[in-house]
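Before I ask anything, here is the structure I am working with.
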Amino acid sequence: MLNKEISEPVILEALDLIKQNKASCVLVKDGKIVHIEIGMGISPILYSYMTYPDLFEGATIVDKIVGKAAAVISILGKANEIVGLTMSDSAIEYLLNKNSSFRFVNYVQKIQNRTRTGICPIEQSVMDIDDPAEAFLALLNRLQDLKKKVVIKKICE
């Protein structure tokens, strides 16, 4: 597994923001932090990609947890590189297969769900899909299904 050293001050600053819970996803472009997003799960990187595609393209994406789903978004958004505070094996494999640049601080075999009882449902949705556009649709469909379950649960309470 290849992992290059992280030494650029702006990337280290972005990682520090994430470690201090002041950011979940940080876009770095031209040596500057150009966008910060705070949230849980895949939402911060997804929101950044869908709302600021011009900032996303060519940027270094620094994200709290990079699984294959986040890697897919970085490929679709034409990011220059993705840096994870934590990165999964499936993200690394996917990024290597797409010849995309990446670095990480911590390695995990799999991204777990919030209760740590299994794999993250968003990761499951893209696990066996290689095409970025197809994986992105699967990711969006899974998010929609999860939101429906939350609404139903709240109604039934």
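The values are calculated or read from the model by the stated rules, or taken from the named source; none is laboratory data. Quick caveat: nothing in here was measured; it's all calculated off a predicted structure. Methodologically, a virtual Cβ is constructed for each residue, glycine included, from the backbone with ideal geometry; neighbour enumeration extends over all protein chains shown.
Filter segment 1-22 down to residues that are in contact (Cβ under 8 Å) with a residue 40 or more places away in the chain and either buried (at least 16 other Cβ atoms within 10 Å of the Cβ) or hydroxyl-bearing (Ser, Thr, Tyr) (or both) and give me whichever is nearest to residue 84 (Cα to Cα).
15
Still on this structure, please answer the following. Being among the aliphatic types (A, V, I, L, M), surrounded by fewer than 24 Cβ atoms within 10 Å (Cβ to Cβ) and outside any helix (DSSP H, G or I) is the filter here, so list the residues in segment 57-75 that pass it. I'd like the intermediate steps shown before the answer.
Filtering segment 57-75 for residues among the aliphatic types (A, V, I, L, M) gives 59, 61-62, 65-66, 69-73, 75.
Then drop every residue that is not surrounded by fewer than 24 Cβ atoms within 10 Å (Cβ to Cβ), which leaves 75.
Listed by number, the list is empty, since nothing qualifies.
Moving on to the next point. Using beta carbons and a limit of 6 Å, which pairs, at least six apart or on different chains, have the first residue in segment 34-61 and within 18 Å of residue 137 (Cβ to Cβ) and the second one of a type in the set (A, V, I, L, M, F, W, C) and in a strand (DSSP E or B)?
What qualifies is 45/25.
Still on this structure, please answer the following. Only residues that are crowded, with 18+ Cβ neighbours inside 10 Å, assigned to a strand (DSSP E or B) and polar (S, T, N, Q): list them for segment 76-98, please.
88
Residues of segment 111-128 being touching a helix residue (DSSP H, G or I) at 6+ places or on another chain (Cβ under 7 Å) and either free of Cβ contacts under 8 Å to residues at least 40 places away in the same chain or of a type in the set (Gly, Ala, Ser) (or both), which ones? Let's see the steps before the verdict.
As a first pass, look at segment 111-128 and keep what is touching a helix residue (DSSP H, G or I) at 6+ places or on another chain (Cβ under 7 Å): 111, 113, 121-123, 125-127.
113, 121, 125, listed by residue number.
Can you name every residue in segment 23-45 that is assigned to a loop (DSSP other than H, G, I, E, B) and surrounded by fewer than 17 Cβ atoms within 10 Å (Cβ to Cβ)?
Going residue by residue through segment 23-45, those that are assigned to a loop (DSSP other than H, G, I, E, B) are 23-24, 30-31, 38-42.
Residues satisfying the conditions are 30, 31, 38, 39, 40.
Considering each residue of segment 90-117, count those that are more than 13 Å from the chain's Cα centre (by Cα) and on the phi < 0 side of the Ramachandran plot, and give that number. Before the answer, list the steps.
Filtering segment 90-117 down to residues more than 13 Å from the chain's Cα centre (by Cα) leaves 93, 96-101, 105-110, 112-117.
Narrowing further to those that are on the phi < 0 side of the Ramachandran plot: 93, 96-98, 100-101, 105-110, 112-115, 117.
The number of residues fulfilling the criteria is 17.
Take the residues in segment 99-137 that are over 26 Å from residue 11 (Cα atoms) and of a type in the set (Lys, Arg); name whichever of them is surrounded by the fewest Cβ atoms within 10 Å (Cβ to Cβ).
Looking at residues that are over 26 Å from residue 11 (Cα atoms) and of a type in the set (Lys, Arg), I get 116.
Yes or no, residue by residue, for (1) in contact with a helix residue (DSSP H, G or I) (Cβ under 9 Å, 6 or more places away or on another chain); (2) closer than 20 Å to residue 125 by Cβ; (3) among the aliphatic types (A, V, I, L, M); (4) modelled with pLDDT under 95:
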{"site": "24", "(1), (2), (3), (4)": "yes, yes, no, no"}
{"site": "44", "(1), (2), (3), (4)": "no, yes, no, no"}
{"site": "48", "(1), (2), (3), (4)": "yes, yes, no, no"}
{"site": "60", "(1), (2), (3), (4)": "yes, no, no, no"}
{"site": "67", "(1), (2), (3), (4)": "yes, yes, no, no"}
{"site": "74", "(1), (2), (3), (4)": "yes, yes, no, no"}
{"site": "79", "(1), (2), (3), (4)": "yes, no, yes, no"}
